[in-house]
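The values are calculated or read from the model by the stated rules, or taken from the named source; none is laboratory data. Since this is a predicted model, take the numbers as computed values, not measurements. Virtual Cβ from ideal backbone geometry, glycine too; neighbours counted across all protein chains shown.
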Amino acid sequence: MSYTEEVYERVVAQNPGEPEFHQAVKEVLDSLKVAIDANEEEYRKLSILERLVEPERIISFRVPWVDDKGVVQVNKGYRIQFNSAIGPYKGGLRFHPTVNQSILKFLGFEQTFKNSLTGLPIGGGKGGSNFDPKGKSDREVMAFCQSFMTELSKYIGADEDVPAGDIGVGGREIGFLYGQYKRITGLYEGVLTGKGLTYGGSLIRTQATGYGVVYMLDEIAKAHNDSISGKTVIVTGSGNVAIYAVEKVTALGAKVVAMCDSNGYIYDPAGINLDVVKDIKEVKRGRIKEYAERVAGSVYTEGTGIWNIKCDVYLPCATQNELSLDGAKTLVAGGCKYVVEGANMPTTLEATTYLQENGVYFMPGKAANAGGVATSALEMSQNSMRLSWSAEEVDEKLHGIMVNIFKKVDEASKKYGLADNYVVGANIAGFEKVVEAMKAQGIV
Ligand code: NDP
Ligand code: 2IT
């Protein structure tokens with residue numbers, strides 16, 4: 001058995017009941033095989049892969065808070081400090097009822113390679129809670145965030161571990177978390193990113209993940225003598241990543257015809273009116289269904305199946321494993337040519353293989369959605385310097401970072417004779433820097 005296969009089996013045996021973590025590890029190890037085989041003896045001796053798949057630390061804690069009826073609620077809180085070889089732990093916090101250790105370990109593992117690809121000095125981490133902010137009052141969200149941070153503050157710091165947003169954690173939550181961190185520690189420092197502009201946030205951070213996804217799409221298209229202009233696009237989700245992917249892809253001349261949330265999807269053949277989506281989601285915290293009630297000519301369909309709409313480009317920006325083999329087959333049959341992942345691991349392994357084998361340019365999330373964390377790292381730089389860059393400066397840096405990630409991924413795939421296999425390219429390019437740093441720092 002090869003070294004990568006052995007380590008995968010060990011991960012499955014030693015981490016029972018964690019299917020998402022197994023899936024993320026499998027994708028990476030399968031991709032690394034071509035690179036590992038050449039130096040197998042050295043990597044085995046150093047147990048490089050065994051160290052890579054084991055988080056440096058998992059912190060798990062109780063989060064008690066009082067709801068609006070005066071009843072005490074208890075949630076689980078976590079921070080997975082996965083790998084600090086190239087910088088302080090960096091990665092988002094997810095608040096969603098499905099959050100568990102498996103999901104956060106998969107996200108922390110992915111984050112390590114993603115952060116490496118940005119070229120910036122940030123290690124990998126992820127955290128969150130099974131708390132559901134949906135339907136909660138602002139006071140309840142604040143009570144939860146304060147309790148969560150009371151515990152988390154013991155383990156984070158501007159040079160130690162810097163959380164940010166993810167599903168269910170946006171500007172409101174980051175504000176409450178930051179206030180409590182400052183109150184407990186007395187430190188006004190860049191301990192969180194995605195902060196508001198009045199207290200240390202960076203311009204363009206809100207837009208960065210979605211914009212970055214589209215900058216990546218643009219690079220892939222250009223590399224194949226194609227262009228975004230005139231394309232028909234589906235963007236799944238209607239949260240932070242989805243909204244700004246729609247904004248940028250529309251600005252570059254494409255037409256987005258469908259979006260969704262976890263209840264259902266909207267189809268608007270005239271092209272999505274993003275102002276309406278922003279009002280529903282960012283202002284009213286409502287459901288995507290309301291779009292069809294407000295925009296004539298659009299249709300709402302309850303449930304999944306957004307991939308049944310024909311498109312040239314599919315940007316999954318909602319959640320893990322949202323696109324399965326059936327969906328992938330339907331996309332290919334409908335003529336889809338590009339799948340660029342805004343979400344983390346939204347495509348199952350089977351669906352990924354099917355897309356790649358059927359002529360779809362497929363860019364994995366760890367490369368495509370890295371613009372968010374990269375801009376978080378730019379926020380950290382600005383906080384350390386006590387300076388703020390203009391929107392144009394940050395956007396230009398973000399664009400440069402995405403162009404550079406595409407180059408690295410493309411070159412790594414070609415180096416191993418697997419041109420256009422961006423999964424292999426992203427994993428190998430991300431792995432190389434982390435491993436160099438781990439080797440240099442000895443057995444830690
Ligand atoms: P948000 O909470 O802002 O939005 C999530 C969106 O996805 C919502 O519209 C939500 O709908 C939808 N969604 C969630 N679960 C499902 C489901 N099962 N089926 C259909 N839709 C669903 O989160 P973000 O936009 O920040 O994150 C989206 C993805 O992007 C995640 O995978 C995240 O890890 C990833 N990501 C985020 C980054 C960031 O900077 N925010 C950076 C890089 C990656 P509903 O309201 O019904 O729950
Ligand atoms: O998955 C991700 O990269 C994020 N949720 C953003 C992390 C960050 O630290 O900005």
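Checking A318 against (1) away from ligand 2 (no atom under 16 Å from the Cβ); (2) of a type in the set (A, V, I, L, M); (3) farther than 12 Å from P364 by Cα, which test does it fail?
(1)
Which one is nearest to ligand 1 (Cβ to nearest atom) among residues in segment 177-218 that are in contact with a His (Cβ under 9 Å, 6 or more places away or on another chain) and of a type in the set (F, W, Y)?
Y211
Here is a list of conditions, (1) at negative phi; (2) surrounded by fewer than 24 Cβ atoms within 10 Å (Cβ to Cβ), and A429 meets all of them except one; can you say which number that is?
Result: A429 fails condition (2) only.
Out of all the residues in segment 176-217, which are under 19 Å from K278 (Cβ atoms) and out of contact with any helix residue (DSSP H, G or I) (no Cβ under 8 Å at 6 or more places or on another chain)?
The answer is L197, and nothing else.
Give the residue, chosen from A242, A221, that is within 16 Å of ligand 2 (Cβ to nearest atom) and assigned to a helix (DSSP H, G or I).
A242
Checking D159 against (1) under 16 Å from A377 (Cβ atoms); (2) surrounded by fewer than 24 Cβ atoms within 10 Å (Cβ to Cβ); (3) under 21 Å from the mean Cα position of the chain (by Cα), which single condition isn't satisfied?
For D159, the exception is condition (3).
Inspect segment 315-324 for any residue being under 25 Å from G91 (Cα atoms), away from ligand 1 (no atom under 14 Å from the Cβ) and buried (at least 24 other Cβ atoms within 10 Å of the Cβ) and give the result as yes or no. Quick ask: steps written out before the conclusion?
Start the filter on segment 315-324 by keeping residues that are under 25 Å from G91 (Cα atoms), which leaves 315-323.
Now drop any that are not away from ligand 1 (no atom under 14 Å from the Cβ), which leaves none.
No, segment 315-324 contains no residue that is under 25 Å from G91 (Cα atoms), away from ligand 1 (no atom under 14 Å from the Cβ) and buried (at least 24 other Cβ atoms within 10 Å of the Cβ).
Between a residue in segment 38-61 that is under 19 Å from V12 (Cα atoms) and any residue that is among the basic types (K, R) and part of a strand (DSSP E or B), which pairs come within a Cβ distance under 9 Å, given they are 6 or more apart or on different chains?
These pairs meet every condition: R57/R79; I58/R79.
Would you mind stating whether E247 is surrounded by fewer than 24 Cβ atoms within 10 Å (Cβ to Cβ) and more than 29 Å from T352 (Cα to Cα)? Spell out how you get there, then give the answer.
Working: surrounded by fewer than 24 Cβ atoms within 10 Å (Cβ to Cβ): yes; more than 29 Å from T352 (Cα to Cα): no.
In short, no.
Just to confirm my filter: which strands (runs of 3 or more DSSP E) fall fully inside segment 53-143 and include at least 2 residues that are at pLDDT 95 or above, away from ligand 2 (no atom under 13 Å from the Cβ) and not hydrophobic (A, V, I, L, M, F, W, C)?
Values: elements: 57-66, 72-83, 89-95, 123-129.
Where strands (runs of 3 or more DSSP E) fall fully within segment 53-143 and carry at least 2 residues being at pLDDT 95 or above, away from ligand 2 (no atom under 13 Å from the Cβ) and not hydrophobic (A, V, I, L, M, F, W, C), they are 57-66, 72-83.
Could you list all residues from segment 335-385 that are within 16 Å of ligand 2 (Cβ to nearest atom) and among the β-branched types (V, I, T)?
So in segment 335-385, the residues within 16 Å of ligand 2 (Cβ to nearest atom) come out as 340-347, 363-384.
Answer for segment 335-385, where residues must be within 16 Å of ligand 2 (Cβ to nearest atom) and among the β-branched types (V, I, T): V340, T347, V373, T375.
Any idea which of T193, T209 is more than 25 Å from A419 (Cα to Cα) and more than 14 Å from the chain's Cα centre (by Cα)?
Numbers: T209 fails: more than 14 Å from the chain's Cα centre (by Cα).
That would be T193, the only listed residue that is more than 25 Å from A419 (Cα to Cα) and more than 14 Å from the chain's Cα centre (by Cα).
Could you please let me know if C311 is farther than 28 Å from L93 by Cα and touching a strand residue (DSSP E or B) at 6+ places or on another chain (Cβ under 7 Å)? Step through it out loud before you land on a result.
Working: farther than 28 Å from L93 by Cα: yes; touching a strand residue (DSSP E or B) at 6+ places or on another chain (Cβ under 7 Å): yes.
Answer is yes for this residue.
Would you check which residues across segment 183-198 are assigned to a helix (DSSP H, G or I) and farther than 18 Å from Q382 by Cα and list them?
Passing the criteria: R183, I184, T185.
Which number in (1) in contact with an Asp or Glu (Cβ under 8 Å, 6 or more places away or on another chain); (2) surrounded by 13 or more Cβ atoms within 10 Å (Cβ to Cβ) marks the one condition that M1 misses?
Result: M1 passes all but (2).
With respect to E393, is the statement that it is of a type in the set (D, E, K, R) and more than 30 Å from S31 (Cα to Cα) true? Lay out the reasoning, then the answer.
Working: of a type in the set (D, E, K, R): yes; more than 30 Å from S31 (Cα to Cα): yes.
Yes, satisfied.
Would you list the helices (runs of 4 or more DSSP H) that sit entirely within segment 345-444 and hold 2 or more residues that are of a type in the set (V, I, T) and modelled with pLDDT of 95 or more? First the steps, then the outcome.
Numbers: elements: 349-357, 365-368, 370-385, 391-415, 422-440.
By residue number, 349-357, 370-385, 391-415, 422-440.
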